[in-house]
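Chemist: Can you keep this structure in mind? I'll have questions shortly.
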Amino acid sequence: MALFLLKRLATLIATLIGASLVVFMVLEILPGDAAQMMMGPDASPDAVRALATKLGLDRPAPERYLDWVAGLLTGRLGDSFAYSTPVADLILERLSVTVPLALLAMALTCLVALCAGVYAAMRHNRLGDVGLMGLTQVGIAIPNFWFAILLILLFSVQLQWFSAGGFEGWDEGFWRGLQALTLPAVSLSVVLSAILTRITRSAVLEVLGEDFVRTARAKGLSRRATVWKHVLRNAMIPVVTFMGLQFAELLAGTIVVENVFYLPGLGRLIFQAISNRDLIVVRNCVMLLAAMVVMVNFVVDVLYAVIDPRVKASGL
């Protein structure tokens, strides 16, 4: 197990280094004057030169890269050009919305998809299976932002059960914050639930044909108990893979939904930073999202070894 973790940790570090190089090269090395972009085309040359000096753009690229990486490791991310606020404070403030939103959306996705996928597999080619697969096709085709607007019209405008948008902050109470994130989480989870339901169904159907399942049934174990106690765990590898990748996507892909619901999350911060040409915020936010994706994939690899001991024994 130790060798397995060391290999995965080495891959994690190498991937983070590669991601930092790509992010730095895209925003710093490519042709174009970053200071001019931030100041706008009408800025005076003196103001542009002053900003370039302040940002250290007059130094060699390798020196700037190492300084940026050192800042990432120590939490010194610089100050936002648009907000005149430390970038680290901005990111931490926005993460308090984005991370709970992603966790809530993933929890809803797992609850719905695992139950629906197992239900469809246990009723293979029957009415329940066919009906659920038809619903998942509709769910996959629904755009998140369009479904979010429908939720606002129904639950905010018509029924008035939830607010149409905004986030008052966790200081106003846990339930108030959870209520504000419920509709965005549902709109984010609808497509993921549809895809994960189909993946769960396929994985469970594949495992149901294994010899150990017939043996368990021959020993008198009920079909339901066999599925939930034995089949589901053996079918979890593709399911966990998808869940890990999609959770990373949730963290990185909340820009549209956060803008629909006016949530002050990380996705909305990136959108605003791009609009304001705040390249310092964009660079650090993109690197943070890349690091989150890599970390989630690392956790998924570790879960492989927990779920399937063959992965740990192979040392892959």
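The values are calculated or read from the model by the stated rules, or taken from the named source; none is laboratory data. As the structure is a computational prediction, the values presented were derived from the model and not from experiment. Positions of Cβ are generated from backbone atoms using ideal geometry, with glycine treated the same way; all protein chains shown enter the neighbour counts. SASA here: full protein model, heavy atoms, side chains in, ligands and nucleic acids out. Shrake-Rupley method; radii C 1.70, N 1.55, O 1.52, S 1.80 Å.
Chemist: Using a probe of 1.4 angstrom, how much of the accessible area of the chain is carbon and sulfur, in percent? Show your work: numbers first, answer last.
Modeler: On the way: 11100 of 16730 Å².
Here it works out to 66 percent.
Chemist: Can you work out the accessible area per residue across the chain, with the rest of the protein chains kept in place, probe 1.4 Å, in square angstrom?
Modeler: Working: 16730 Å² over 316 residues.
For the chain, the solvent-accessible area averages 53 Å² per residue.
Chemist: Working from Cα positions, state the angle (0 to 90°, nearest 10) between the long axis of helix 61-74 and the longest principal axis of the chain.
Modeler: Helix 61-74 and the main axis of the chain meet at about 60 degrees.
Chemist: Could you let me know the centre-to-centre spacing of region 220-273 and region 88-120, using Cα atoms, in angstrom?
Modeler: If you average the Cα positions of each part, the centres end up 6 Å apart.
Chemist: Given Cα pairs under 8 Å that are at least 6 residues apart, what percent is the relative contact order of the chain? Provide the component values of the computation, followed by the final result.
Modeler: Details: 338 pairs, mean separation 82.2, N = 316.
This gives 26 percent for the chain.
Chemist: Report the full-extension gain for the segment Val26 to Ala47: residue separation times 0.36 nm, less the Cα-Cα distance, to one decimal in nm.
Modeler: Numbers: separation 21, 0.36 × 21 = 7.56 nm, distance 2.38 nm.
Length difference between fully extended and current span is 5.2 nm.
Chemist: Of (i) 1.06; (ii) 0.99; (iii) 0.96, which is the value of Rg/Rh (Cα atoms, Kirkwood Rh) derived from the coordinates here?
Modeler: (i)
Chemist: Which residues make up the longest stretch of the chain that has no trypsin sites (Lys or Arg not before Pro) in a DSSP loop with at most 12 other Cβ atoms within 10 Å? Don't skip to the answer; put the middle values down first.
Modeler: On the way: sites that count: Arg126, Lys219.
So the longest stretch without any such site is 1-125.
Chemist: Using only Cα atoms, find the angle between the long axis of helix 45-55 and the longest principal axis of the chain, and express it within 0 to 90 degrees, rounded to the nearest 10.
Modeler: 50
Chemist: Could you check which residue among Asp67, Asp278, Asp211 shows the biggest mean-square fluctuation in a GNM of the chain with a 10 Å Cα cutoff?
Modeler: In this elastic network of the chain, the residue with the biggest mean-square fluctuation among Asp67, Asp278, Asp211 is Asp211.
Chemist: Still on this structure: I want the local charge near Phe212. Using Cβ-Cβ distances under 12 Å, sum +1 for each Lys or Arg and -1 for each Asp or Glu among the other residues.
Modeler: Numbers: positive: Arg214, Arg217, Lys219, Lys229, Arg233; negative: Glu210, Asp211.
Residues close to Phe212 contribute a combined charge of +3.
Chemist: For the chain, take the longest principal axis of its alpha carbons; what is the angle in degrees between that and the long axis of helix 174-208, to the nearest 10 within 0 to 90?
Modeler: The angle comes out near 50 degrees.
Chemist: What does the charge count near Thr85 come to, summing +1 for each Lys or Arg and -1 for each Asp or Glu among other residues with Cβ under 13 Å from its Cβ?
Modeler: Values: positive: Arg94; negative: Asp79, Asp89, Glu93, Asp278.
It works out to a net charge of -3.
Chemist: Is the C-alpha gyration tensor of region 243-301 telling us rounded, prolate or oblate? Criteria: a/c under 1.5 is rounded; beyond that, a/b larger than b/c is prolate, otherwise oblate. Write out the running numbers ahead of the final one.
Modeler: Working: a/c = 3.85, a/b = 1.53, b/c = 2.51.
Verdict is oblate for region 243-301.
Chemist: Any idea how far apart Glu63 and Thr215 come out in nm if each label point goes 7 Å out from Cα toward Cβ?
Modeler: With each label placed 7 Å out from Cα toward Cβ, I get 6.8 nm.
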